[in-house]
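Engineer: Take this structure first; my questions come after.
The values are calculated or read from the model by the stated rules, or taken from the named source; none is laboratory data. Keep in mind it's a predicted model, so treat the numbers as computed, not measured. A quick note on method: Cβ atoms are made from the backbone with ideal geometry, for glycine too, and the neighbour counts reach across all protein chains shown. Areas reflect the complete protein model, heavy atoms only, side chains present, ligands, DNA and RNA absent. Shrake-Rupley method; radii C 1.70, N 1.55, O 1.52, S 1.80 Å.
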There are 2 protein chains.
Amino acid sequence: MDIFLEEAIKEAKKGLSEGGIPIGSVLVIDGKIVGRGHNRRVQNSSAILHAEMDCLENAGRLKAIDYKRATIYSTLSPCDMCSGAILLYGIKRVIIGENKTFKGPEEYVKSRGIEVKVVDNKECCNLMESFIKASPELWNEDIGE
Amino acid sequence: MDIFLEEAIKEAKKGLSEGGIPIGSVLVIDGKIVGRGHNRRVQNSSAILHAEMDCLENAGRLKAIDYKRATIYSTLSPCDMCSGAILLYGIKRVIIGENKTFKGPEEYVKSRGIEVKVVDNKECCNLMESFIKASPELWNEDIGE
């Protein structure tokens, strides 16, 4: 498996071990992880710290030229907010662990010139399926439903 | 002027007084401000705390039914990220101070069923025009350019 997706899965599991929603993300530039994060709705009582947002925040203030050659990995298909952050910074490529348990606006993101690849990873899918079954209300809150 | 837009402008000015980018936002539900915030790129060295994101974060974890009758005010047209957050939560209405110095994906947001109103406020416009003139690099960083 892609070593960077593995790191995103580690983040998702870290979130789960903290009592949070198991979604993780890493930002990669020139073959190096420059930021990593996981969903912090529960841990920080946050309405905005989805995994990708936490990852981008932890990467710090980067230059436009850095984002534009970066790849963001997420264990789950990015929602409207996280897709919007990817569009704002013009991140070159998005690698998605799975989009079976939730699918964000992937077609729209592609139409705006971002590369989007879904790898259909079973571990990512299992993490979310178990979580949604155990905590449906928390999951609905996270996606505004 | 709309009292809530006035509050968003107060937030923008607070940000400016802190050495930050002068954009402010408030979230209103049933005629009451439930969250307020301003751009914190400089203050928190943040890549994600645009005014609307800071406002949504400060409002805390709300229920889906609350977002769906809320109005978010922003002194400036929301960017892709902030528009995405508005879409994620299905916020009912967006009131925009101005969209002359920057215009986010307003048409896309409307196409997704959100009410969008631009009030073309001079004070909002003046704040941004002065800021962009004084700090063009910082402004470009904030919009990923």
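Engineer: Counting heavy atoms of the protein chains only and a 1.4 Å probe, report the per residue accessible area for chain B as a whole number of Å².
Structural biologist: Accessible surface, normalised per residue, equals 41 Å².
Engineer: Round to a whole number: what % of the accessible area of segment A:3-138 belongs to carbon and sulfur, probe 1.4 Å?
Structural biologist: That share works out to 50 percent.
Engineer: Report the Rg/Rh value for segment B:3-138, based on alpha-carbon coordinates and the Kirkwood definition of Rh.
Structural biologist: Using Cα coordinates only, the ratio equals 0.94.
Engineer: While we're on this one: In segment A:34-137, which GluC sites (Glu not before Pro) fall in coil by DSSP and have 10 or fewer other Cβ atoms within 10 Å?
Structural biologist: Passing both the DSSP loop test and the Cβ count: no residue.
Engineer: Can you work out D for the protein assembly as shown in µm² s⁻¹ from Stokes-Einstein, where Rh is the Kirkwood radius over C-alpha pairs, the temperature is 37 °C and the viscosity is 0.692 mPa s?
Structural biologist: D = 174 µm²/s.
Engineer: Over 20 Å, how big is the tail of the calculated P(r) for segment A:66-129, in percent of all Cα pairs?
Structural biologist: 20 percent
Engineer: Taking a 30 Å limit on the Cα-Cα distance, which of the listed pairs B:Lys32/B:Lys122; A:Lys63/A:Lys100; A:Lys117/B:Lys92; A:Lys68/B:Lys122; A:Lys110/B:Lys14 fall beyond it?
Structural biologist: Over 30 Å Cα-Cα: A:Lys63/A:Lys100; A:Lys117/B:Lys92; A:Lys68/B:Lys122; A:Lys110/B:Lys14.
Engineer: Based solely on its DSSP helices, what 222 nm [θ] is calculated for chain B when runs of n ≥ 4 H residues each add -39,500 (n - 2.57) and the sum is averaged over all residues, nearest 500 deg cm²/dmol?
Structural biologist: After summing the helix terms and dividing by the residues of chain B, the value is -12500 deg cm²/dmol.
Engineer: Using a label position 7 Å from Cα in the Cα→Cβ direction, what is the ascending list of nm distances from A:Lys14 to the same site in the other copies?
Structural biologist: Result for A:Lys14, in nm, nearest copy first: 3.1.
Engineer: Of A:Thr75, A:Leu62, A:Ile91, which is farthest along the charge dipole of segment A:59-117 in the positive direction, counting Lys and Arg as +1 and Asp and Glu as -1 at C-beta?
Structural biologist: A:Leu62
Engineer: Turning to a different aspect of this structure: Roughly what % antiparallel, to the nearest 5, for the DSSP beta bridges in segment A:3-138?
Structural biologist: 55 percent
Engineer: Same structure again: Where along chain B is the Cβ that lies nearest the axis linking it to chain A, and how many Å separate them?
Structural biologist: B:Gly84, 1
Engineer: Now a separate question. Using only protein heavy atoms and a 1.4 Å probe, how much accessible area in total is buried between A and B, to the nearest 100 Å²?
Structural biologist: Its buried surface, counting both partners, is about 2800 Å².
Engineer: Looking at segment B:1-81, I'd like the Rg to Rh ratio, where Rg is from alpha-carbon atoms and Rh is Kirkwood's inverse mean 1/r.
Structural biologist: Across segment B:1-81, the Cα-based Rg/Rh ratio is 0.96.
Engineer: Now for a separate question. How far, in nm to one decimal, is A:Asp30 from itself in the other copies if the label point is set 7 angstrom along Cα toward Cβ? Shortest first, please.
Structural biologist: 5.4
Engineer: Give me the net charge for the shell around B:Ile3: Cβ to Cβ below 12 angstrom, other residues only, Lys and Arg +1, Asp and Glu -1.
Structural biologist: -1
Engineer: Normalising by the residue count of chain A, find the relative contact order in percent from Cα pairs under 8 Å and 6+ residues apart.
Structural biologist: Here the relative contact order equals 19 percent.
Engineer: Another question, then. From other protein chains only, count the Cβ atoms within 10 Å of every residue's Cβ in A:52-64, then give the mean.
Structural biologist: 4
Engineer: Ranking request for peptides A:35-42, B:58-65, B:80-87, B:32-39: highest mean number of other beta-carbon atoms within 10 Å first, then the rest in descending order.
Structural biologist: Averaged packing, sorted descending, gives the order B:80-87, A:35-42, B:32-39, B:58-65.
Engineer: Against the 2.2 N^0.38 Å scaling, with N counting residues, where does segment A:24-71 land? I'd like the Cα-based Rg ratio to two decimal places.
Structural biologist: 1.17
Engineer: State the Cα centre-to-centre distance between segment A:1-39 and segment B:90-108 in whole Å.
Structural biologist: Taking the Cα centre of each part, segment A:1-39 and segment B:90-108 sit 32 Å apart.
Engineer: Net charge within 10 Å of B:Arg93 by Cβ-Cβ distance, Lys/Arg positive one each and Asp/Glu negative one each, not counting B:Arg93 itself?
Structural biologist: Local charge sum for B:Arg93: +2.
Engineer: How far is A:Asp66 from the same spot in each other copy, in nm, shortest first, if each label point sits 7 Å from Cα toward Cβ?
Structural biologist: 3.5
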